[in-house]
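The values are calculated or read from the model by the stated rules, or taken from the named source; none is laboratory data. Because the structure is a prediction, the values reported are computed rather than measured. Note: ideal-geometry Cβ built from the backbone for every residue, glycine included; neighbour counts use all protein chains shown.
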């Protein structure tokens, strides 16, 4: 088990922040790229809808939320663990859509 970056067996993915401290089962290829990077690329290709079609999907979901939340105190409630990326997502998700969003974190 690797406990810190000074351990001679320490490895970090060459394309992400993932390392073998956070996950002892992580694997790396000959380029130093971890398995999680490849898993993300596959998931992105299969599930992320980009461009105009992606924007239309988001707009449709937001409209549905607005319709279903009409007359309620909030348009949506989002659970966050407190990470900066999640906070930025929360700000982005309401931007330009006049959403009244509240969050609940730890």
(request) Being in contact (Cβ under 8 Å) with a residue 12 or more places away in the chain and assigned to a loop (DSSP other than H, G, I, E, B) is the filter here, so list the residues in region 24-40 that pass it. (result) 24, 26, 31, 32, 33
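Looking at region 41-59, which of its residues are assigned to a loop (DSSP other than H, G, I, E, B) and loosely packed, with under 10 Cβ neighbours inside 10 Å?
Matches in region 41-59: 48, 50.
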(request) Might you let me know whether region 80-92 holds any residue that is at pLDDT 85 or above, in a helix (DSSP H, G or I) and exposed (fewer than 12 other Cβ atoms within 10 Å of the Cβ)? (result) no
